[in-house]
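Student: Take this structure, written in structure tokens, and hold onto it; I'll ask about it next.
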Amino acid sequence: MGDASSHKLINIILRAIELLFSIIAFAVVAEYDGTSKINYMIFTGVTSMVICLVFLVLYFANLGDSPTIVLIELVINVIWWVFWLAAAAVMSSLVNEWWSNSRIEASCAFSWLTWFAWTVSTVMSFLATKNRSGPSGGSTPSGPQTNMV
């Protein structure tokens, strides 16, 4: 299996895991909506689900290798990495409150798992972006440049 195809397979697996974990993280607490903490969890989970679906479609359509898409993916990964860190912290704070129950605890656990998956995606996106550009930020030349007079 080549480097590009293994990278694509890893991205597909990661996005599928993020999709599944984000659905679980927000779905188990959706009936408690009305508080800002739960609403934030639902927002983060639903938007994450949509983003994962979009990227899965891009991967399967072989459009995920475009330099523009790779850069956009990096930016989105960084933003949602922060969102999931905040969501996991919010759910952790709810676990410590008096009305905590098994649904809150499950959402907390899956929030941290989703954050970890987004951490891996963010690192992989950064490495993919870094590998696509040379020291000056542009694309690296394919071979040595020689000037003949």
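Student: Under 6 Å by Cβ, and 6 or more places apart or on different chains, what pairs join a residue from the stretch 95-115 that is open to solvent by less than 50 Å² (accessible area, probe 1.4 Å) with one that is small (Gly, Ala, Ser)?
Tutor: Matching pairs, first to second residue: Ser107/Ala25; Cys108/Ser92; Ser111/Ala25; Ser111/Ala87; Ser111/Ala88; Thr114/Ser22; Thr114/Ala25.
Student: Let me ask something additional. Does at least one position in the stretch 43-53 carry a residue that is out of contact with any helix residue (DSSP H, G or I) (no Cβ under 7 Å at 6 or more places or on another chain), exposed (fewer than 13 other Cβ atoms within 10 Å of the Cβ) and at pLDDT below 95?
Tutor: There is no residue in the stretch 43-53 that is out of contact with any helix residue (DSSP H, G or I) (no Cβ under 7 Å at 6 or more places or on another chain), exposed (fewer than 13 other Cβ atoms within 10 Å of the Cβ) and at pLDDT below 95.
Student: Please specify each residue of the stretch 1-42 satisfying the condition of being hydroxyl-bearing (Ser, Thr, Tyr) and open to solvent by 50 Å² or more (accessible area, probe 1.4 Å).
Tutor: Those that are hydroxyl-bearing (Ser, Thr, Tyr) and open to solvent by 50 Å² or more (accessible area, probe 1.4 Å): Ser5, Tyr32, Thr35, Ser36, Tyr40.
Student: Is it the case that the stretch 46-67 has a residue that's part of a helix (DSSP H, G or I) and charged (D, E, K, R)?
Tutor: Checked against the condition, which is being part of a helix (DSSP H, G or I) and charged (D, E, K, R), the stretch 46-67 yields no hits at all.
Student: If you check Ala109, Ala87, which single one turns out to be at pLDDT 90 or above, touching a helix residue (DSSP H, G or I) at 6+ places or on another chain (Cβ under 7 Å) and either in a loop (DSSP other than H, G, I, E, B) or not polar (S, T, N, Q) (or both)?
Tutor: Exactly one residue qualifies, and that residue is Ala87.
Student: Now, a different point. Could you check how many residues of the stretch 74-89 are open to solvent by 10 Å² or more (accessible area, probe 1.4 Å) and either touching a residue at least 24 places away in the same chain (Cβ under 8 Å) or not β-branched (Val, Ile, Thr) (or both)?
Tutor: 9
Student: Moving to a separate point now. Which residue pairs have Cβ atoms under 8 Å apart, sit 6 or more places apart or on different chains, and have a first residue in the stretch 1-29 that is modelled with pLDDT under 95 and a second that is of a type outside the set (Lys, Arg) and part of a loop (DSSP other than H, G, I, E, B)?
Tutor: If the second residue must be of a type outside the set (Lys, Arg) and part of a loop (DSSP other than H, G, I, E, B), the pairs left are Ala4/Asp65; Lys8/Gly64; Lys8/Asp65; Leu9/Met1; Asn11/Gly64.
Student: Right, here's the next one. With assigned to a helix (DSSP H, G or I), aliphatic (A, V, I, L, M), out of contact with any strand residue (DSSP E or B) (no Cβ under 9 Å at 6 or more places or on another chain) and under 18 Å from Thr122 (Cβ atoms) as the only criterion, which of Ile38, Ile23, Ile13 stands out?
Tutor: Ile13
The values are calculated or read from the model by the stated rules, or taken from the named source; none is laboratory data. Just so it is clear, the structure is predicted and the values come from calculations on it, not from any experiment. Counting neighbours? That spans all protein chains shown, and the Cβs are built from the backbone with ideal geometry, glycine included. Ligands, DNA and RNA are excluded from the accessible area calculation, which covers all protein heavy atoms including side chains. Shrake-Rupley method; radii C 1.70, N 1.55, O 1.52, S 1.80 Å.
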